[in-house]
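Since every read-out is calculated from the coordinates, none of them should be taken as a lab result. Being a predicted model, the structure only gives us computed values, none of them experimental. So basically every Cβ, Gly included, is an ideal-geometry build from the backbone, and we count neighbours across all protein chains shown.
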Amino acid sequence: MAIHILSDDLAAKIAAGEVIERPASVVKELIENSIDAGATEIKVEVRGGGQRLIRVADNGCGIPAAEVETAFARHATSKLESADDLFRLQTLGFRGEALPSIAAVARVTLITRDRDEESGSEIRVDGSKITEHHAQGAPAGTIITVEDLFRHVPARLKFLKMPATEAGHIGDLLNAYALAYPHLRFSLVNEDRLTFQSPGTGKMFDVLVKVFGIETAKQMLEVGNWKSDSDSNLQLPPSNLQVTGFVSPPNVNRGNRKYMLFFVNHRWIQDRTLQHAVIEAYHTSLMVGRAPIVALDVIVPPDMVDVNVHPTKSEVRFRDTSMVFNAVQRAVRAALTANAPIPSITVGAPFPRQDFPPTPSETQLAINLHHPIPTSNFQPPTSQLPYSQPPKLPMLRVLGQIASTYIIAEGPDGLYLIDQHAAHERVLYEQLTAERAGAQVAIQELLDPAPIQLTLAQFAMLQANREALASVGFKIEPFGNQTMLLRAVPGLLKRGEPSVTLIAILDEIEQGEAPLEKTSEARLISSVCKSIAVKGGQVLALEEMRELVRRLEQTTAPRTCPHGRPTVIQLNVAQLEREFGRK
Ligand code: ADP
Ligand code: MG
């Protein structure tokens, strides 16, 4: 093919592809425009997962009649004049790409009236072409309707997920923006039903209640509430950098990082470094594979951050990454230590739980015990790796618990450490599989059926898995408006709040864990067992530990959990002797 210039239409569609990936990207761009326009009320309406229709209405400043057409031109913006402005930005938008990109891949109707003008305008743009433009009476503010998204871009259309899933992404997006802008009132109407509304009180906590429910919100810890600089435990952040928001205590956690939300100057961003900083702040108190709930806003002077990194503006580059990393980590640690639970170790005399950072010897021990992977110290050539050991367990005598997470036991050949969570998962997995094979899953009717408020995404996940969940003992009924009524749970579920467990299972299913399992049934069972198993960090009575170990001994594969991780690591007498320099 000879080199030629792309047609305007094709070039516009290609450019749009960078900004508009799915319906939620449209909603993101439109609500950012509403926020930039100084709106205090932003109403979002969605049909067909946003593919059929997205409407965003705001009470912002509106667009002057003379500028309405320009707004749809590529690189047309009212927010930026010179390159220097990029480092003084107070707005979310600046690239002038959103409206032309959306109009290139959908049918757009814009009705707007500038606050200072008498009359408003209506303009229609279809596939980048203006098809209509006339004066129109309208309230001050802007209403944009986007219909038939990607109708002419079959490649994108094909990649869209089920409407409920796309609507779920939009729901997540509104949650995030409502947390970042607690003084604004956001609402989401999905298929004519109001599914989310933020109170607009100016308090992030009030939005947390709406997003995660009062029970979870109440447990969240406030970050960056720097009270006094005389308190030597609190290291103040550099005065030009502020970290504020909420994080969950270690025992309130999720199966994926979706609920770790970061904002930089209220801009919602994806940043692995910040995720890492926060996870590290929890140190070992968070179970492996679990993530906290986080909503943190990092406020920095605009010249310390480059927001022009990515077309969707969802990534930023800090001038001094390590300073931000440290500030976030310190702020989260301060919140966690200020609220640290009473030390709880049941082995031997009361012993203060290690705090951040651990001493070198503690680190050494922790590393060796946490990783059953061969290390030069613990795996001499003659010893057997956990994986190659005989599959069965010997009779074990339970001695106690370490870090409320590992059961310590003595066996015929030395010391055994059992991961209580992994062990319980294995026990539950075999029991539930056996019960299902015998077609008699034990269920437990709840005396008090529990209404569970779900996010849109969770609701969709539950709908899709309701039958499968019923087959393992969860009896669930729709209860209107993103709420489900939990009537019965598996008989195996002995601990914890049933509704919390159910949400954990939904998270687990969504994450698509348990890749080892071949059938979707086995994956579901393994998600259920993971969620109902006793967690790391839970104190167990000696009798409970004995019972758990006894049941583990009876399973067919006691040495691994259903996800393939080891349940037991062993230190044989020969290793102990070598460690103590006896041989
Ligand atoms: P950007 O936000 O990067 O400037 P957009 O394409 O998103 O680019 O919007 C183009 C321009 O249209 C904006 O700069 C703004 O002047 C105007 N505009 C868009 N949406 C709104 C709105 N909801 N209220 C007021 N003005 C708007
Ligand atoms: Mg914009």
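Using every alpha carbon pair in the chain, what percent of pairs falls into each 10 Å bin from 0 up to the bin containing the largest distance?
Per 10 Å bin, starting at 0, the Cα pair percentages come out as 3, 15, 22, 22, 18, 11, 6, 2, 0, 0.
Assigning unit charges at the beta carbon (Lys, Arg +1; Asp, Glu -1) and nothing else, what dipole magnitude in debye, to the nearest 20, does the range 220-339 show about its Cα centre?
420
State the answer as a single residue: which of Tyr282, Leu241, Phe325 lies farthest towards the positive end of the charge dipole of the range 220-339, with beta carbon charges of +1 for Lys and Arg and -1 for Asp and Glu, about the Cα centre.
Farthest along the dipole direction, towards plus: Tyr282.
What ranking of Cys529, Cys61, Cys561 emerges when the number of other C-beta atoms within 10 Å of each C-beta is taken as an exposure proxy, fewest first?
Least to most surrounded, the residues fall as Cys61, Cys561, Cys529.
Projecting each Cα onto the charge dipole of the chain (Lys/Arg +1, Asp/Glu -1 at the beta carbon, about the Cα centre), which of Leu92, Pro250, Gln482 comes out farthest on the positive side?
Farthest towards the positive pole: Pro250.
Cβ neighbours within 10 Å, averaged per peptide: list 485-496, 456-467 in order, most packed at the top.
By packing density, highest mean first, the sequence is 456-467, 485-496.
Go through Ser198, Val153, Val26 and say which Cα lies farthest out towards the positive end of the charge dipole of the range 8-201; charges sit on Cβ, +1 for Lys and Arg, -1 for Asp and Glu.
Result: Val153.
Any chance you could run the full-extension gain for Ala437 through His183? It's 0.36 nm times the residue separation minus the Cα-Cα distance, nm to one decimal.
Taking 0.36 nm per residue and subtracting the Cα distance, the gain is 86.1 nm.
Quick one: which of 42-53, 190-201 comes out on top by average Cβ neighbours within 10 Å, and what's the full order, highest first?
Per-residue Cβ counts within 10 Å, averaged per peptide and sorted highest first, yield 42-53, 190-201.
For the range 8-201, what ratio Rg/Rh do Cα atoms give with a Kirkwood hydrodynamic radius?
Ratio of gyration radius to Kirkwood radius for the range 8-201: 0.94.
Ordered by residue, what ³J(HN,Hα) values in Hz, to whole numbers, does the range 466-474 give under the Karplus form 6.51 cos²θ - 1.76 cosθ + 1.60, where θ = phi - 60° and Gly and Pro are x?
4, 5, 4, 5, 4, 5, 10, x, 8
Decide, for the range 73-135, between rounded, prolate and oblate: order the square roots of the alpha carbon gyration tensor eigenvalues as a ≥ b ≥ c, take rounded if a/c falls under 1.5, and otherwise choose prolate if a/b is larger than b/c, else oblate.
oblate
Using the number of other C-beta atoms within 10 angstrom as an exposure proxy, rank Val252, Val264 with the fewest first.
Starting with the residue having the fewest Cβ neighbours, the order is Val252, Val264.
Please give, to one decimal in nm, the separation of the simple spin-label points placed at Thr273 and Lys583, each 7 Å out from Cα toward the Cβ.
If labels sit at Thr273 and Lys583, their model points lie 5.0 nm apart.
What list do you get for Tyr177, Tyr429 if you sort them by fewest beta carbons within 10 Å?
Values: Tyr177 27, Tyr429 24.
Fewest to most other Cβ atoms nearby, the residues stand as Tyr429, Tyr177.
Excluding residues on the same chain fewer than 8 positions from Lys475, give the lysines whose Cα lies under 18 Å from its Cα.
Lys494
Only Lys, Arg, Asp and Glu count, each charged at its Cβ (+1, +1, -1, -1), so figure out the dipole size of the range 397-572 about its Cα centre, rounded to 20 debye.
140
For the range 397-572, what is one quarter of the convex hull surface built on the Cα atoms, given in nm²?
10.5
At a Cα cut-off below 21 Å, give the lysines reachable from Lys210, other chains included and same-chain residues fewer than 8 away excluded.
Filter leaves Lys28, Lys43, Lys218, Lys258.
Rounded to the nearest 0.05, what FRET efficiency is calculated for Ser322 and Ile402 with R0 set to 60 Å and r the Cβ-Cβ distance?
Plugging the Cβ-Cβ distance into 1/(1 + (r/R0)^6) gives 0.95.
To the nearest 20 debye, what charge dipole does the range 8-201 have about its Cα centre, counting +1 at the Cβ of each Lys and Arg and -1 at the Cβ of each Asp and Glu? Walk me through the numbers before you get to the answer.
Values: 22 positive and 29 negative charges, 153 e Å.
For this selection, approximately 740 debye.
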